[in-house]
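Take a look at the structure set out below.
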Ligand code: ATP
């Protein structure tokens, strides 16, 4: 709260005419504004009650007047002397009204140019929307997510109020699960946790993470992914797996690594053929890093809300920074940045913002960016300094196909369809030999389809080299269904300086 109040006062000191606060938690915003402004004159206008006593919402004495009248009166008011603050809540629906826009501009200009007129507009809104014409007068006040020490004090406040029992040994885990939530959300989940049995224990961490998943999802930009994939679930890609294991050691032991002089891991960019394990790598990384995995899906973000995509990217980064240490998986990064440099301003601005964030990143957010198509990506993204390394994932070679068959067949050992003896008798090299040009997803589907075929054949078929080879022969692999795209991608890899995820050698 102190930092927020300081930031707010700084804006007042530089004579900001309009301060914009994007937040839905009006009670908390009111709280910090009144703390920051003390007993200054504050008048509120909101669409529900019109002109309102800011400090005492129940107080009578104001007639309901519309926003236009309210602003006009405050603009023309010649008699008022001294500082005055107008808190305007949820006024985005009124931005279609040209008089409202003009009055906001006029009040802002008068504050800038008329020394005797000190009226500051504070717009508080659950939507991040400001008309273009007014933007130039606006200073944004960011409400940061609570820091570690603030989370700590919120936990202790709740324990005191609820007289709850608390095991301090569980504190680190609890703190980690609360990172990346707003103060309001933390209050809510702590209340929920304590209301069940009056304690705040290890059993509550699961419930809190579940709630956090919902909240993060509601933010509409990132998703908290729960996954148990391990590096062993990935067949092949040995060089990339070794690389990720090394980064995991640094990430998990960051305070020692930092003291030793190691630079903060930024992230890895994985470009590759579809269905070859890029997503698996992102999920397994979060597990070996022992950190939460936040997924930002660029494809759906750009598709759904093009106009809001810039704000969404900022929000996603803000959530990830607050949730650090964490892994931020940016899927289909090419969807957002492959048109940079053309006449798409939003894309170019987003790209600039993303690059400078990557370049200057101080927080322990490890970024895994994945892309199918690296052809039109701006060269700045591929330059060192943004990502620590760029790996390309090709279609699996013979040994890798064997390894992928093993991964998926071993999963079937838990079921009736495959016994240990049957598994041992399968010739992996025969399977690999007849699946040249298959990707990991094709191989997985060969295994699954064979299992289904055996089930439907009612014991006349078992999971064997022969039945698997038969299915493989009937499968149309990615190399056949997307021959041109695969050939193009191979050429792009050859022409670029990426590290091969299998061998670790440069691709060109
Ligand atoms: P896309 O670019 O289409 O999103 P991707 O490279 O992210 O694909 P994944 O989602 O990781 O591919 O894999 C698709 C499916 O194929 C998964 O279900 C996974 O089990 C299987 N698969 C792919 N590659 C491998 C691999 N190397 N080892 C084991 N399974 C794999």
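The values are calculated or read from the model by the stated rules, or taken from the named source; none is laboratory data. These figures come from a predicted structure and were not determined experimentally. We place every Cβ from the backbone using ideal geometry, glycine too, and count neighbours over all the protein chains shown.
Looking only at residues in segment 462-474 that are touching a residue at least 40 places away in the same chain (Cβ under 8 Å) and either within 42 Å of the chain's Cα centre (by Cα) or more than 17 Å from residue 431 (Cβ to Cβ) (or both), the one that is surrounded by the fewest Cβ atoms within 10 Å (Cβ to Cβ) is 463.
Within segment 213-224, is there a residue that is part of a helix (DSSP H, G or I) and modelled with pLDDT of 85 or more? Looking through segment 213-224, none of the residues is part of a helix (DSSP H, G or I) and modelled with pLDDT of 85 or more.
Would you check if there is a residue in segment 332-355 being outside any helix (DSSP H, G or I) and modelled with pLDDT of 85 or more? I'd like the intermediate steps shown before the answer.
Narrowing segment 332-355 to residues outside any helix (DSSP H, G or I): 332, 338-344.
Narrowing the set further to residues that are modelled with pLDDT of 85 or more leaves 332.
Within segment 332-355, one or more residues are outside any helix (DSSP H, G or I) and modelled with pLDDT of 85 or more.
Only one of these conditions is not met by residue 332: (1) within 16 Å of the ligand (Cβ to nearest atom); (2) out of contact with any helix residue (DSSP H, G or I) (no Cβ under 9 Å at 6 or more places or on another chain). Which number is it? Going through (1) within 16 Å of the ligand (Cβ to nearest atom); (2) out of contact with any helix residue (DSSP H, G or I) (no Cβ under 9 Å at 6 or more places or on another chain) one by one, residue 332 breaks only (2). Quick one: in segment 269-300, of everything that is part of a strand (DSSP E or B) and either in contact with a helix residue (DSSP H, G or I) (Cβ under 8 Å, 6 or more places away or on another chain) or at pLDDT 95 or above (or both), which residue is farthest from the ligand (Cβ to nearest atom)? That would be 294.
If you filter segment 368-398 down to residues that are away from the ligand (no atom under 16 Å from the Cβ) and assigned to a strand (DSSP E or B), you find that the one that is surrounded by the fewest Cβ atoms within 10 Å (Cβ to Cβ) is 384.
Filtering segment 492-508 to residues that are in contact with a helix residue (DSSP H, G or I) (Cβ under 7 Å, 6 or more places away or on another chain), under 17 Å from residue 372 (Cβ atoms) and at pLDDT 85 or above leaves 500, 501.
Do we have residue 239 as within 16 Å of residue 394 (Cβ to Cβ), touching a residue at least 40 places away in the same chain (Cβ under 8 Å), away from the ligand (no atom under 12 Å from the Cβ) and in a helix (DSSP H, G or I) here? Before you say what the answer is, go through the steps one by one.
Numbers: within 16 Å of residue 394 (Cβ to Cβ): yes; touching a residue at least 40 places away in the same chain (Cβ under 8 Å): yes; away from the ligand (no atom under 12 Å from the Cβ): yes; in a helix (DSSP H, G or I): yes.
So residue 239 fits the description; yes.
For segment 255-262, does any single residue satisfy the condition of being without any contact (Cβ under 8 Å) to a residue 24 or more places away in the chain and under 17 Å from the mean Cα position of the chain (by Cα)? Lay out the reasoning, then the answer.
Looking only at segment 255-262, we keep the residues that are without any contact (Cβ under 8 Å) to a residue 24 or more places away in the chain, and these are 255-262.
After this cut, where a residue has to be under 17 Å from the mean Cα position of the chain (by Cα) as well, the list is none.
No, that holds for no residue.
Does at least one position in segment 92-103 carry a residue that is touching a residue at least 12 places away in the same chain (Cβ under 8 Å) and part of a loop (DSSP other than H, G, I, E, B)? Looking through segment 92-103, at least one residue is touching a residue at least 12 places away in the same chain (Cβ under 8 Å) and part of a loop (DSSP other than H, G, I, E, B).
One line per residue, one yes/no per condition, for (1) touching a residue at least 24 places away in the same chain (Cβ under 8 Å); (2) surrounded by fewer than 17 Cβ atoms within 10 Å (Cβ to Cβ); (3) assigned to a strand (DSSP E or B):
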| residue | (1), (2), (3) |
| --- | --- |
| 3 | yes, yes, no |
| 10 | no, yes, no |
| 19 | yes, no, yes |
| 28 | yes, no, no |
| 35 | yes, yes, no |
| 45 | yes, no, yes |
| 48 | no, yes, no |
| 52 | no, no, yes |
| 56 | no, yes, no |
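Counting the residues of segment 439-474 that are closer than 24 Å to residue 395 by Cα, in contact with a helix residue (DSSP H, G or I) (Cβ under 6 Å, 6 or more places away or on another chain) and more than 13 Å from the ligand (Cβ to nearest atom) gives 7.
Taking first residues from segment 432-461 that are in contact (Cβ under 8 Å) with a residue 60 or more places away in the chain and closer than 18 Å to residue 274 by Cα and partners that are in a helix (DSSP H, G or I) and away from the ligand (no atom under 15 Å from the Cβ), no Cβ contact under 8 Å between residues at least 6 apart in sequence or on separate chains turns up.
Just checking, how many residues over segment 410-422 are touching a helix residue (DSSP H, G or I) at 6+ places or on another chain (Cβ under 7 Å) and surrounded by 15 or more Cβ atoms within 10 Å (Cβ to Cβ)?
Of the residues in that region, 3 qualify.
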